1. Give me the pairs: first residue in the stretch 82-101 and at negative phi, second residue in a loop (DSSP other than H, G, I, E, B) and of a type in the set (S, T, N, Q), beta-carbon distance under 9 Å, and six or more apart or on different chains, which are they?
2. When residues of the stretch 78-89 are filtered for being surrounded by fewer than 13 Cβ atoms within 10 Å (Cβ to Cβ) and closer than 26 Å to Ala24 by Cβ, how many remain?
3. Identify, from the list Gly32, Gly37, Gly25, Gly17, the residue that is surrounded by 13 or more Cβ atoms within 10 Å (Cβ to Cβ) and at positive phi.
4. Can you pull out every residue in the stretch 45-77 that is of a type in the set (S, T, N, Q), crowded, with 16+ Cβ neighbours inside 10 Å and closer than 12 Å to Met98 by Cβ?
5. Give me the pairs, please: first residue somewhere in the stretch 22-44 and within 14 Å of Ser80 (Cα to Cα) and free of Cβ contacts under 8 Å to residues at least 60 places away in the same chain, second residue anywhere and surrounded by fewer than 22 Cβ atoms within 10 Å (Cβ to Cβ) and among the small types (Gly, Ala, Ser), beta-carbon distance under 9 Å, and either six or more positions apart or on two chains.
6. Could you figure out which of (1) in contact with a Ser or Thr (Cβ under 9 Å, 6 or more places away or on another chain); (2) on the phi > 0 side of the Ramachandran plot isn't true of Gly59?
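Bear in mind that the values in this text are calculations on the coordinates, not laboratory data. Predicted model, so just to flag it, every value in this text is computed and none were measured. All Cβ positions, glycine included, derive from the backbone under ideal geometry; neighbour counts span all protein chains shown.
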Amino acid sequence: MTIRRISSGGEFEAKIGYCRAVVAGGFVHVAGTVGQGDTVVDQCRAALATIEKALAEAGASFADAVRVTYYLPDASEFESCWPLLREAFGANPPAATMIETALIDAKYRIEIELTALAPA
């Protein structure tokens, strides 16, 4: 099996020792991704853009997503992200889970982890 690692060049990838995405076993596994911004919606939008870029580098898109997990320190903020998520996934919604939990830094309001089918 071939494993392909995709880096986004984020500062923590080298510090912690991870890749933004790994293509292996017929899937694209995208690491938990946070985004910059002042609000949960801004951060969600930025995280989705980072994920979309990693998927594109793997030859995939949001249409190929099969599972997504959302992590939020405050579950009540999740609903404000729903329009962005509907737009991203459109007619191809993945299986999804939302978990309320602390994130690595209190400034982050949402982290998104995604698995997609890899291109054949």
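1. Here the result reads Asn92/Ser61, each pair linking the stretch 82-101 to a residue that is in a loop (DSSP other than H, G, I, E, B) and of a type in the set (S, T, N, Q).
2. Qualifying residue count for the region: 0.
3. That would be Gly37, the only listed residue that is surrounded by 13 or more Cβ atoms within 10 Å (Cβ to Cβ) and at positive phi.
4. Thr69, the sole residue that qualifies.
5. These pairs meet every condition: Val41/Ser80; Asp42/Gly35.
6. Single failed check for Gly59: (1).
Here is a yes/no grid of residues against (1) in contact with a Leu (Cβ under 8 Å, 6 or more places away or on another chain); (2) among the β-branched types (Val, Ile, Thr):
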{"site": "Val41", "(1), (2)": "yes, yes"}
{"site": "Ala58", "(1), (2)": "no, no"}
{"site": "Ser80", "(1), (2)": "no, no"}
{"site": "Met98", "(1), (2)": "yes, no"}
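Every residue, every condition in (1) over 10 Å from the mean Cα position of the chain (by Cα); (2) of a type in the set (A, V, I, L, M, F, W, C), yes or no:
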| site | (1), (2) |
| --- | --- |
| Gln43 | yes, no |
| Val68 | no, yes |
| Pro83 | yes, no |
| Arg86 | yes, no |
| Met98 | yes, yes |
| Leu103 | yes, yes |
| Leu117 | yes, yes |
| Ala120 | yes, yes |
